[in-house]
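Contents: one structure, followed by commentary.
Laboratory data are not the source of any read-out in this text; all were calculated from the coordinates shown. This one's a predicted model, so the numbers in the text were calculated from it and none came from an experiment. Here the Cβ is made from the backbone with ideal geometry for all residues, glycine too, and neighbour counts use every protein chain on show.
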Amino acid sequence: MSKKLGFAALSAGMALTLAACGGEGAGGGGGGAGAGGSAAPEDLTIGVSMPTQTSERWIADGANVQEQLEGAGYTVDLQFANDDIPTQLQQIDSMITQGADILVIAAIDGTALAGQLETAASQNIPVVSYDRLIRDSENVDFYVTFDNFQVGVAQGNALLRGLGLQNEDGSAGTATGPFNIELFAGSLDDNNAFFFFNGAMSVLQPLIDDGTLVVKSGQTSIEQAAILRWQQETAQRRMEDLLTSTYNDGSRVDGVLSPYDGLSRGIITALTNAGYGPTLDAGNPMAVVTGQDAEIASVKLIQDGVQSSTIFKDTRLLAEQAVEAAAAFAEGGEPEANDTETYDNGVKVVPSYLLPVETVFADDIQSVLIDSGYWTADEVASGQAD
Ligand code: GAL
């Protein structure tokens, strides 16, 4: 526990003594101690470190976490790190120096934070790993995320459904293939990238093995498929290279496994520039491209019949879980995990809370994204967040 939380932890035992002495709760300046070893939210600052503002997803995460924490009474120090590792390290250092009592961190490079977490631990500051697992450190106290393997499974199934190999209920579709596909993965320094890819391959590999799906480039390993820092432009370039190297013989790529909407848009740009589309039902149809995050620009592309699908992760619920975890630590307890087996960070298995995910095709936009208030109909129509 931080200094305030540390005092809180001591306070139960000291309360009588202090009361007997007629002393006031000298709570390290902030008076953070409450009854029963807890500190009041009003006395606590939570440092929230987010990776980047170049993606709507992370802007929304930052805003949701901040709003919900402030609503619960905490002071929030929210920082975005521009996808730059030294910036994130420096921001976390300064959160600690400025007295953060609890840290909530979505890492850029999940393997680069051990030093910062060591410092946090030495000051009894609980660390909540947000969405992305922080690796190679024993000082990760809790992990809030989605079921990342299921995200990959859902992406694999969405690719099959988009190709007509699978119906909505999971039964076999009318199409038979073979279909040419290409595989994209996320950033190798993000633990999630492996879960997404492995989940998707658990669905796709049997169909690659029986020849229904053909990865024509032969690039089937995650290292070959990975896109550093999840960059849209890098994905566009890789797709352009694949089209040049592999599809300049008159063949077409029918489907592309993409783990994130930003990459999907880069891939779609490359395909569009090469004469695919504009839509999935055009004469030379757009390839079936999957996605993740229900970013507004991609939701519009799905509505317009350009991108095939995305995986929706309700970041409002993730923010809620982060707030609950922080509250549990503030009260001197432990957050409640619903998974204590899956997320080994290389040093220990981190107790986790996993949230479910939903697949979104054009037909689901209204019921899943608009009715839930995640996006408005106007935002979907314009492709821009208000
Ligand atoms: C992952 C996250 C995805 C996506 C991606 C790129 O860690 O789980 O939802 O946002 O980063 O930002």
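Which residues in the range 342-386 have a backbone N closer than 20 Å to a point placed 7 Å from the Cα of Asn167 along the Cα-to-Cβ line?
Only 359-364 pass the distance filter.
Using the beta-carbon distance between Ser372 and Ala63 and R0 = 22 Å, what value does 1/(1 + (r/R0)^6) give for FRET efficiency, to the nearest 0.05? Mind showing how you got there, number by number?
On the way: r = 17 Å, r/R0 = 0.76.
Computed FRET efficiency for Ser372 and Ala63: 0.85.
Taking θ = phi - 60°, what integer Hz values does the Karplus form 6.51 cos²θ - 1.76 cosθ + 1.60 yield along the range 210-218, in sequence order, with x for Gly and Pro?
Whole-Hz 3J(HN,Hα) from phi for the range 210-218: 8, x, 5, 10, 10, 8, 5, 6, x.
Which listed residue (Ile85, Thr234, Tyr74) has the Cα farthest towards the positive end of the charge dipole for the chain, taking +1 on Lys and Arg C-beta and -1 on Asp and Glu C-beta about the Cα centre?
Thr234
Would you work out the charge dipole size for the range 67-146 about its Cα centre, treating the Cβ of every Lys and Arg as +1 and the Cβ of every Asp and Glu as -1, and quote it to the nearest 20 debye?
100 debye
Can you give the calculated 222 nm mean residue ellipticity of the chain, where each DSSP H run of n ≥ 4 adds -39,500 (n - 2.57) and the sum is split over every residue, rounded to the nearest 500 deg cm²/dmol?
Mean residue ellipticity at 222 nm (helix-derived): -12500 deg cm²/dmol.
May I ask for the angle, rounded to the nearest 10°, between helix 3-20 and the longest principal axis of the chain, with both axes built from Cα atoms and the value confined to 0 to 90°?
Once rounded, one gets 30 degrees.
I'd like the orientation of helix 148-163 relative to the chain: the angle between its Cα long axis and the longest Cα principal axis, in ° from 0 to 90, rounded to 10.
Rounded to the nearest ten degrees, it is 20.
When ranked by the protection proxy of mean other Cβ atoms within 10 Å per residue, highest first, what sequence do the peptides 106-117, 288-299 form?
The peptides rank, most packed first, as 288-299, 106-117.
Can you pull the one-decimal nm distance between simple spin-label points at Asp209 and Asp93, each 7 Å off the Cα toward Cβ?
5.0 nm
Under a Cβ-only charge scheme (Lys and Arg +1, Asp and Glu -1), can you give me the dipole magnitude of the chain about the Cα centre, in debye to the nearest 20?
560 debye
So if we plug the beta-carbon distance of Ser122 and Ser221 into 1/(1 + (r/R0)^6) with R0 = 41 Å, what FRET efficiency do we get, rounded to 0.05?
Approximately 0.55, to the nearest 0.05.
As an exercise, use a Förster radius of 25 Å and the Cβ-Cβ distance of Asp84 and Asn198 to find the FRET efficiency, rounded to the nearest 0.05.
0.35
Given the chain, what percent of its DSSP beta bridges are antiparallel, to the nearest 5?
Here the antiparallel bridges make up roughly 20 percent for the chain.
Using label points projected 7 Å from each Cα along Cα→Cβ, tell me how many nm separate Glu138 and Phe361, to one decimal.
Roughly 5.0 nm, to one decimal.
Can you tell me how much longer the chain between Arg252 and Glu70 gets when fully stretched, taken as 0.36 nm per residue apart minus their C-alpha distance, in nm with one decimal?
The Arg252-Glu70 span can extend by a further 60.4 nm.
With N denoting the number of residues in the chain, provide Rg(C-alpha) divided by 2.2 N^0.38 Å, to two decimal places. Intermediate values should be presented prior to the final figure.
Values: Rg = 23.2 Å, N = 386, 2.2 N^0.38 = 21.2 Å.
Computed over Cα atoms of the chain, the ratio equals 1.10.
Assuming 0.36 nm per residue, please report the length gained on full extension of the stretch Lys348 to Glu42 beyond their Cα-Cα distance.
106.9 nm
Any idea what the dipole of the range 242-386 comes to, in debye rounded to 20, about its Cα centre with Lys/Arg Cβ at +1 and Asp/Glu Cβ at -1?
Here the size comes out at about 660 debye.
For Asp241 and Thr272 in one chain, what is 0.36 nm times their gap in residues minus the Cα-Cα distance, to one decimal in nm?
Using 0.36 nm per residue and subtracting the Cα-Cα distance, I get 9.8 nm.
I'd like the trypsin sites (Lys or Arg not before Pro) in the range 267-330 restricted to DSSP loop residues with at most 13 other Cβ atoms within 10 Å, sorted by number. Kindly include the intermediate steps, with their values, before the conclusion.
Details: sites: Lys300, Lys313, Arg316; in loops: Lys313.
For trypsin sites (Lys or Arg not before Pro) across the range 267-330 that sit outside H, G, I, E and B with at most 13 neighbouring Cβ atoms in 10 Å, the list is empty.
Would you work out which of Ser221, Leu263, Leu188 lies farthest towards the positive end of the dipole of the range 186-280, given +1 charges on the beta-carbon of Lys and Arg and -1 on that of Asp and Glu, about the Cα centre?
Farthest towards the positive pole: Leu263.
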